[in-house]
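Notes to accompany the following structure.
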Amino acid sequence: MRRSTNETLQVASWGDRLAKRILLGEVDPEFVIGVLEPYASERRQTRLKQVFAQRISNVTMVLDALHDPHNGAALLRTSEALGLARVHVVERGESFLAHAGVARGTHKWVQVSAHPTAAECVETLRQSGHALVATHPQGELVPQDLANVERIALVLGNEHEGIAPEIRAACTHSVRVPQRGFAESLNVSVCGGILLAYATEHRAGDLSPGEQRRLYARGLAVTVPNAAALLERADGPRADDT
């Protein structure tokens with residue numbers, strides 16, 4: 001049975017409507033920054049800018065129909081900590097859920113792109129130039145090899161069924177986590193954490209200045225109280241209906 005409680009979050013929507021509109025460019029980020037920045041402390045402004053300057057898009061992760069919200073939350077938390085700008089999920093009949101107590105708010109800072117089908121996810125990553133690398137106990141790559149893949153999408157499968165055949169067929173490589181003990185496998189969130197640490201090591205932030213400004217505007221909208229009302233009062237683009 002799937003774990004689902006009142007602490008479970010459906011995170012694919014990635015925040016309220018205002019936050020999404022800012023990121024999509026429907027609300028001018030410079031307008032948002034001009035209105036909301038005075039309401040954020042200098043320390044908060046600096047912190048937001050520093051974090052977004054280190055975000056990376058050349059490493060992403062594909063979560064193929066994860067079942068356990070604790071695993072989903074742990075992987076989102078790891079992704080945010082290691083600087084990923086985006087995570088892709090294939091829902092395959094179940095929406096992607098994360099446990100709030102495990103995510104600890106980090107789900108607000110990583111963009112989760114949900115795909116209803118494997119084909120859509122694969123096509124999106126092909127267009128962005130990411131090489132899909134499957135996790136597999138007999139993978140030909142080891143974690144240290146991941147740093148040499150210029151743009152990589154690390155694929156993690158369902159806890160019971162693994163990676164769907166359609167996604168596996170689109171993977172150009174597979175990677176294993178070497179083990180020395182009696183355990184035959186690792187928990188999916190542990191495996192993902194180990195591999196992401198190697199994949200992101202020594203990579204600098206690669207978002208464009210425009211992307212960073214959009215994230216900064218969104219960050220202000222997420223953290224400044226009554227942000228939508230402040231923007232509406234400033235007579236800019238309509239920013240209510242959050």
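Observations on the model:
- Across segment 106-178, the mean sequence separation of Cα contacts (distance under 8 Å, 6 or more residues apart), normalised by length, yields a relative contact order of 42 percent.
- Percent of Cα-Cα distances greater than 32 Å, calculated over segment 8-229: 18 percent
- Placing pseudo-labels 7 Å out from each Cα toward the beta carbon at residue 123 and residue 37 gives an inter-label distance of 4.0 nm.
- Extension gain (nm, one decimal) between residue 159 and residue 185, 0.36 nm per residue minus Cα-Cα: 8.3 nm
- Each of 52, 182, 96, 31 was scored by other Cβ atoms within 10 Å of its Cβ. Arranged with the fewest first, they read 182, 31, 52, 96.
- Net charge of Cβ neighbours under 13 Å - reference residue 168; Lys, Arg +1; Asp, Glu -1: -3
- Degrees, to the nearest 10: 209-223 long Cα axis against longest axis of the chain: 70 degrees
- Orientation-averaged projected area, Cα convex hull of segment 155-242 (nm²): 10.6 nm²
- Neighbourhood charge, 11 Å Cβ-Cβ cut-off, centred on residue 91 and excluding it, Lys, Arg +1 and Asp, Glu -1: -2
- Surrounding net charge for residue 224, when Lys and Arg each add one and Asp and Glu each subtract one, Cβ distance under 10 Å: 0
- Taking the longest Cα principal axis of the chain as reference, the axis of helix 69-81 is set at about 70 degrees.
- Label-to-label distance, residue 197 versus residue 113, with points set 7 angstrom from Cα along the beta-carbon direction: 2.8 nm.
- Residue exposure sequence - 41, 189, 79, 174 - by fewest surrounding Cβ within 10 Å: 41, 174, 189, 79
- Listed by Cβ neighbour count within 10 Å, with the fewest neighbours leading, 60, 78, 46, 124 appear as 46, 124, 78, 60.
- Nitroxide proxy distance, nm - points 7 Å out along Cα→Cβ at residue 20 and residue 142: 4.4 nm
Read-outs throughout are calculated quantities, based only on the coordinates presented, and are distinct from any laboratory measurement. This is a predicted model, so every value here is computed, not measured. Quick reminder, even Gly has a Cβ in these numbers, built from the backbone with ideal geometry, and neighbours come from all protein chains shown.
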